[in-house]
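A short worksheet on the structure shown next.
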Amino acid sequence: MIRVEALTKVYGSAETRAVDEVSLDVPAGTVFGFLGPNGAGKTTTIKMLAGLLTPTSGRVRLGGFDVATQRSAAMAQFGAVLEGSRNVYWSLSAWQNLLYFGRLKGLRKAQAKVRAQHLLTGLELWDRRDDEVGGFSRGMQQKVAIAAALIADPPIVLLDEPTLGLDVETTRTVKTWITALARESGTTVLLTTHQLDVAQELCDRVAVMRRGRLVADLPTRELLASFRERDRYEIRVEGAAPPGFDAVTHDGVSTISVRVGDPREVYDVVERLRAQGAVLESLTQVQPDLEDVFLALVNEPSHAC
Amino acid sequence: MLADVLAAEIGKGLRVQLAHPVGHVITLLISTMMYLGLQFVLGQGELRQDLLPQTLVAIGGYWFLQYAGLVLVADLIEEKRAGTFAQTRMSPAPAWLPMLGRLITASIFGLGVAAAAALVPVLVAGIAIPLRWAALLPALLLGANVLAFTFLLAALALVSPMIGALQSLFTSLVLLLNGSFLPLAFYPDWLAALARVLPTTLGIEVITRTLFEGGTLAQVWHDGSLPWLVAHTLALIVAGGLLFSRNHRRVLRESS
């Protein structure tokens, strides 16, 4: 659904390579997480995907249409919410915004009205449809921006930091919508976020960028599994930990964190604890989360996968 | 689809402008008060009926330029900042279509405000403006001249952060020199020549000749004023078109 081939963006004579030979292939119905630290090139890539920026080289195809040579058809394939922008007109009502963006995306007025009613009802904004968006809370404004991106029911949605600055309740609504879009409507969702828990919860596949290059592009489970050689275990014992063990003690329970190369080494640790009279409360294998993986990838490029 | 996008763009533009009308009403009142006040001062304590019709046409051209420019350029700057301009560029419609919609919105709003502002002096000072068919073509060319200049500024606004200052400079010069205070005939030759380089001035000159001096289109063509107006307008349209095309490519190349 989204195919990016050797996408490169070089700025100015200084040959700053904001995006360097990035290739992606995102199938339909996938929630694709596009991660990276600030300045990694995520937003530049999204802008090239959305036709807002011309690549120095490489190609972008959305729904089979080349953004450079079949622009009109490619633009009809997606809706987008861009980071750091209002995305919608604050002096217009939610209803007026949706009708405007619907027609801009090629819908007839009657079609836009039906879609707008569906989206505003689903996002719990129907009662406020005639109010100016400028008077809405940040969460409600973001909902309107998301509704505007979805107004033409596009097969692809580009969401740049969709949950940034939102409260817990609105974040949950947005996450529910993203999941439903992919699972129920088969929409392909490409999202960038710095909230790695959100990415881990939502994304079927994750790509990580660092200094303009992709350092990982794998299904989320595979990406997490590929870091399992660094497995950690948490051992909880009653009372204070025996001498020789670094532990954090809280409420009469000490948590000892051990990192092992071979899982069988855990038996040795437990044996040492038993020998020193410690009473075992629990033993848990700590799976690396996306934050661990992300930090490893952006700080240690040798981990590229 | 193209007509639908165009209608949506115009409708949106007018709704945005009319969302908070009080500011426009206040600006409009200030504009008419300023005009009548200046005419009173320049007329040394009276409103001179021999000058008012000509200067009213001239300031009407200025108001059209000022408000059309405000709608097109100021809104474009604001939309670039707010990200809605980027949203409009992600439409399947060609890039020039929303811009055409903006231009039409600007002309509707500019014309509406100019007409409303002119109505106050007409009623207050009893200014009579004759209507002659010969003035219709020059009036349309004046409109095209204003819009072409506004489009040129909008093309600059795509890339230049200084466009607000540039717009203020040009609109101020137009107000000072296009005949809004005194008809061009009162100016020294060098200042009149400079004034004719600015938008609106040539149009107002041709309208003055056809509307108030009884000139025909053939006469204004032969005395060179109409050809100059046509050439000036065409030059602005070509310059605006080239600049828009160049700056749009630049935005696509450099936006980060």
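The values are calculated or read from the model by the stated rules, or taken from the named source; none is laboratory data. Keep in mind the model is a prediction, meaning the values are calculated, not measured. Cβ sites come from the backbone with ideal geometry, for glycine too, and all protein chains shown count toward neighbours.
Quick notes on this one:
- Selection count, the stretch A:133-154, where residues are surrounded by fewer than 16 Cβ atoms within 10 Å (Cβ to Cβ) and outside any loop (DSSP other than H, G, I, E, B): 3
- Answer residue from the stretch A:50-77, given it is among the aliphatic types (A, V, I, L, M) and surrounded by fewer than 16 Cβ atoms within 10 Å (Cβ to Cβ) and is nearest to the other protein chains (Cβ to nearest Cβ) among those: A:A73
- Subset of the stretch A:90-116 [at pLDDT 95 or above and of a type in the set (S, T, Y)]: A:S93, A:Y100
- Given (1) in contact with a helix residue (DSSP H, G or I) (Cβ under 7 Å, 6 or more places away or on another chain); (2) surrounded by fewer than 16 Cβ atoms within 10 Å (Cβ to Cβ); (3) in contact (Cβ under 8 Å) with a residue 60 or more places away in the chain, number of the condition A:R183 does not satisfy: (1)
- Filter pass, A:T44 being β-branched (V, I, T), at the interface with chain B (Cβ under 8 Å from one of its Cβ atoms), part of a loop (DSSP other than H, G, I, E, B) and over 16 Å from A:V157 (Cα atoms): no
- The set of residues in the stretch B:1-53 being under 30 Å from B:T208 (Cα atoms) and of a type in the set (V, I, T) consists of B:V25, B:I26, B:T27, B:I30, B:T32, B:V41.
- In summary, B:R48 fulfils each of the numbered conditions (1) in contact with a helix residue (DSSP H, G or I) (Cβ under 9 Å, 6 or more places away or on another chain); (2) of a type outside the set (V, I, T); (3) within 14 Å of chain A (Cβ to nearest Cβ); (4) surrounded by fewer than 18 Cβ atoms within 10 Å (Cβ to Cβ) with the single exception of condition (3).
- One residue stands out among those in the stretch B:64-116 that are surrounded by fewer than 20 Cβ atoms within 10 Å (Cβ to Cβ) and closer than 30 Å to B:I129 by Cα: the one that is farthest from the other protein chains (Cβ to nearest Cβ), which is B:A115.
- Hits in the stretch A:11-27 (condition: more than 23 Å from A:A216 (Cβ to Cβ) and either touching an Asp or Glu at 6+ places or on another chain (Cβ under 6 Å) or surrounded by 12 or more Cβ atoms within 10 Å (Cβ to Cβ) (or both)): A:Y11
- Counted residues, the stretch A:93-117 - those being out of contact with any Gly (no Cβ under 9 Å at 6 or more places or on another chain), within 10 Å of another protein chain (Cβ to nearest Cβ), in contact (Cβ under 8 Å) with a residue 24 or more places away in the chain and aliphatic (A, V, I, L, M): 1
- Filter pass, A:G84 being at positive phi and either within 11 Å of another protein chain (Cβ to nearest Cβ) or modelled with pLDDT under 95 (or both): yes
- Sole exception among (1) buried (at least 18 other Cβ atoms within 10 Å of the Cβ); (2) not in a helix (DSSP H, G or I) for A:D130, by number: (1)
- Residue within the stretch A:60-72 that is in a helix (DSSP H, G or I), modelled with pLDDT under 95 and within 19 Å of A:V215 (Cα to Cα) present: no
Yes/no per residue for (1) at pLDDT 85 or above; (2) charged (D, E, K, R); (3) crowded, with 16+ Cβ neighbours inside 10 Å:
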{"position": "A:A247", "(1), (2), (3)": "yes, no, yes"}
{"position": "A:D262", "(1), (2), (3)": "no, yes, no"}
{"position": "A:D268", "(1), (2), (3)": "yes, yes, no"}
{"position": "A:E271", "(1), (2), (3)": "yes, yes, no"}
{"position": "A:L290", "(1), (2), (3)": "no, no, yes"}
{"position": "A:L295", "(1), (2), (3)": "no, no, no"}
{"position": "A:E300", "(1), (2), (3)": "no, yes, no"}
{"position": "A:A304", "(1), (2), (3)": "no, no, no"}
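- Scanning the stretch A:225-234 finds one or more residues that are within 22 Å of A:L24 (Cα to Cα), without any contact (Cβ under 8 Å) to a residue 60 or more places away in the chain and either touching a Phe, Trp or Tyr at 6+ places or on another chain (Cβ under 9 Å) or not in a loop (DSSP other than H, G, I, E, B) (or both).
- Taking every residue in the stretch B:32-53 that is more than 18 Å from B:A117 (Cα to Cα) and pairing it with any residue that is surrounded by 15 or more Cβ atoms within 10 Å (Cβ to Cβ) and of a type in the set (D, E, K, R), at least 6 positions away or on another chain, yields no pair with a Cβ-Cβ distance below 6 Å.
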